Amino acid sequence: MSGSTTTRRQVALGSIFLLILLLLPLVVDGYYQTMLTTIFITALVGIAWNLMMGFAGQLSLGHALYFGIGAYVVALMAERYGLSPWLGFPVGFLVTSGLGLVVGFLGFRFGVKGVYFALLTIAFAEFARLLFEHWDYVGKTGGLFLGSVKPDNRSLITLRGSATFYYYAVLATTLFAWLWCGYLVRSRLGYFWRAVRDDEDAARALGVRAFRVNLLAAGISAGITGIAGGWFALMNGNLFPESVLGMRVSIDFIIAPIVGGLGTLCGPILGALIVVPLNEIAKEAGQALGLNGLNILLYGTLLFIVIVAAPDGCWPWLANRLALAGRSSSKPDGP
């Protein structure tokens, strides 16, 4: 199949998928709209994490740090100072990007790589969680609560409203982040990321400034994750350190891009569509059967199946079946 035919097929199927998402709120109720919004948030974080791990090759297990800080920045600016989230989101992006640069600088500057870099990210996330659990200003373990709002026609101003509003708002944010990341990974910077990921020494020998491009990946990934945290705060109306900064949060978020396919643009979205509903079903089944941790068991089973049946993730396998890529579609860095 020629490249132009493949591209047309990609555009056509992508347009159909987007059209279905735009029309879904017309046929599903608030519960399913909220679950779909959770899928979008998970996909948004997955896109950000995949940018750092899948394309730049930097393993982070502490993305809850950026998610939680982004959530608290937006919530505190709205609740403590009465500032619009339209201002909170840019500030949250800058703050979390800055944190990503700090963590990245400490790791890349001193040659901390692989699992040791992952441990460094965990340490920062856990330190933030402990700090927030003992900080009166953010409510400690008692939580931070946003004042309730009545959905009205001012949702575009306050960025708070009904389940339908959050559905479309987070969908738009996820779509923008996906397009931006797609542009980045196909740009010169994206080729530098992949070069450093595949062989950093060779990339340096060719003139790639590995330290700088890794820092950019860390900063951009952290900033997008902070945006996702901001939407989570507005949608939930309450924040607890463990629920946004805990280690479990980081693990939940990285499962989706792993299941979907690392180093692919569509993998985190497909992974979120698989993982979030599975988690909800497992929680309900666990409550009905009195089995705590059933969702963790299902996560493990799912990861085992993916590793055995589709080592590169579900998206490369699906792309091959739908003829969405050429001969190399089974490898990462596809659509």
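Throughout, read-outs are computed from the coordinates displayed, never taken from laboratory work. The structure displayed is predicted, hence computed values, not measured ones. In this analysis, Cβ positions are derived from the backbone assuming ideal geometry, glycine residues included, and neighbour counts consider all displayed protein chains.
Kirkwood hydrodynamic radius, computed over distinct alpha-carbon pairs, for region 23-92: how many Å, to one decimal? Intermediate results must be reported in sequence, preceding the final value.
On the way: mean 1/r = 0.0703 Å⁻¹.
The answer is 14.2 Å.
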Mind telling me which of LEU26, LEU44, LEU189 comes out most flexible in a GNM of the chain, alpha-carbon contacts under 10 Å?
LEU26
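With a cut-off of 8 Å between alpha carbons and a minimum separation of six or more residues, what is the relative contact order of region 3-330 in percent? Please list the in-between numbers first.
On the way: 497 pairs, mean separation 99.8, N = 328.
Relative contact order for region 3-330 comes out at 30 percent.
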Would you calculate, for the chain, the mean residue ellipticity at 222 nm contributed by helices, counting each DSSP H stretch of 4 or more residues as -39,500 (n - 2.57) and dividing by all residues, to the nearest 500?
-24000 deg cm²/dmol
Once you have the alpha carbon radius of gyration of region 257-302, what is it after dividing by 2.2 N^0.38 Å, with N set to its residue count?
1.28
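Which order results if TRP49, TRP231, TRP178 are arranged by neighbouring Cβ count within 10 Å, fewest first? Intermediate values should be presented prior to the final figure.
Details: TRP49 29, TRP231 24, TRP178 17.
With the sparsest Cβ surroundings first, the list reads TRP178, TRP231, TRP49.
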Please identify, among GLY271, GLY190, GLY92, the residue showing maximal mean-square fluctuation in a Gaussian network model of the chain using a 10 angstrom Cα cutoff.
GLY190
extent check for the chain: Cα max minus min per principal axis, descending, whole Å, gives 53, 50, 43
Rounded if a/c is under 1.5, else prolate if a/b is larger than b/c, else oblate: which is region 120-227, with a ≥ b ≥ c the root eigenvalues of its Cα gyration tensor?
oblate
Estimated dipole of the chain in Debye, rounded to 20 [Cβ of Lys and Arg +1, of Asp and Glu -1, Cα centre]
820
Which residues among region 55-74 fall inside the zone where the amide N is under 11 Å from a point 7 Å beyond the Cα of GLU200, along Cα→Cβ?
57-59
Label THR141 and LEU23 with points 7 Å out from Cα along Cα→Cβ: what is the distance between them in nm?
5.0
Hey, with R₀ at 22 Å, roughly what FRET efficiency would ALA323 and ARG186 work out to, going by the Cβ-Cβ distance, to 0.05?
0.60
What length, rounded to one decimal in nm, is gained on full extension from ASN292 through to SER148, with 0.36 nm per residue of separation minus their alpha-carbon distance?
48.7 nm
Distance between Cα centroids, region 261-317 to region 99-161: provide it in whole Å.
25
